[in-house]
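To start, the structure itself, in structure tokens.
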Amino acid sequence: MSLKFLVLAVPFCLLFSCQDSNKHETNKSYSKIERADWLIGRWENKSTDAFAMESWIKQDDSTFTGKSFVVIGKDTVSSEILRLEQKGNDVFYVPTVRNQNEGLPVNFKLTGSDSNLLVFENPEHDFPQKITYHRISTDSMTAVISGTIEGNFKSEQFAMKKVSAIK
């Protein structure tokens, strides 16, 4: 083999090997996060003393972003920035709650799902350790946060209605 042949062949081979790896990268499957597509939109719960809202948009194939807040009277008592992201074969629910956890996000791993149910858990978190979304119909869901506080089980349920679809 001549040196001239090697000088021409090596870059050519490198070019094609890089193209194959890029092709593989674009063929990733995001089927696990796609199970949560029904979350996309704006969800609300209105009562005489409180208003809760949660909204989700699809950022890209592997990431949804959202926000959530609860207002009682004129006071916002809870406010969160939300992310749902697939990393490899794992999906994480990642809330960042104002005035909690020093403003840092907390990861909850998807531990169970089907077409109407998403279960995220983080047993190391103080409260909640479990977050569940259950789709009841196309425009109705229940979100539940649960876990233990000082050895006592606690659960809070939020019934929500879809008020608009967001693409």
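Odds and ends about this structure:
- The number of residues in the range 107-144 that are aliphatic (A, V, I, L, M) and surrounded by fewer than 18 Cβ atoms within 10 Å (Cβ to Cβ) comes to 3.
- Listed by first and then second residue, the pairs linking a residue in the range 132-150 that is touching a residue at least 40 places away in the same chain (Cβ under 8 Å) and basic (Lys, Arg) to a residue that is surrounded by fewer than 18 Cβ atoms within 10 Å (Cβ to Cβ) and in a strand (DSSP E or B), with Cβ atoms under 9 Å apart and 6 or more places separating them unless they lie on different chains, are 135/117; 135/142.
- Looking across the range 25-41 at every residue that is more than 15 Å from the chain's Cα centre (by Cα) and not polar (S, T, N, Q), the one that is surrounded by the fewest Cβ atoms within 10 Å (Cβ to Cβ) is identified as 25.
- For the range 127-162, residues that are of a type in the set (Phe, Trp, Tyr), assigned to a strand (DSSP E or B) and more than 15 Å from residue 110 (Cα to Cα) total 2.
- Pick from the range 147-163, criterion crowded, with 16+ Cβ neighbours inside 10 Å and of a type outside the set (A, V, I, L, M, F, W, C), ranking: nearest to residue 37 (Cα to Cα): 162
- Top-ranked residue of the range 140-158 - restricted to ones that are under 19 Å from the mean Cα position of the chain (by Cα) and over 17 Å from residue 112 (Cβ atoms), ranked as modelled with the highest pLDDT: 140
- Scan the range 84-126 for residues that are assigned to a strand (DSSP E or B) and not hydroxyl-bearing (Ser, Thr, Tyr) and the total you get is 20.
- Just one residue in the set 136, 166, 131 is modelled with pLDDT under 95 and not basic (Lys, Arg); that residue is 166.
- Residues in the range 46-65 that are assigned to a strand (DSSP E or B) and surrounded by 16 or more Cβ atoms within 10 Å (Cβ to Cβ): 52, 53, 54, 55, 56, 58, 63, 64, 65.
- Any hit, the range 76-86, residues being on the phi > 0 side of the Ramachandran plot and loosely packed, with under 14 Cβ neighbours inside 10 Å: no
- Qualifying residue in the range 142-150 (condition: of a type in the set (S, T, N, Q) and closer than 21 Å to residue 59 by Cβ): no
The values are calculated or read from the model by the stated rules, or taken from the named source; none is laboratory data. Note that the structure is a prediction, hence the values are computed from the model and not measured. For neighbour counting, all protein chains shown are included, and Cβ atoms are generated from backbone atoms with ideal geometry for every residue, glycine included.
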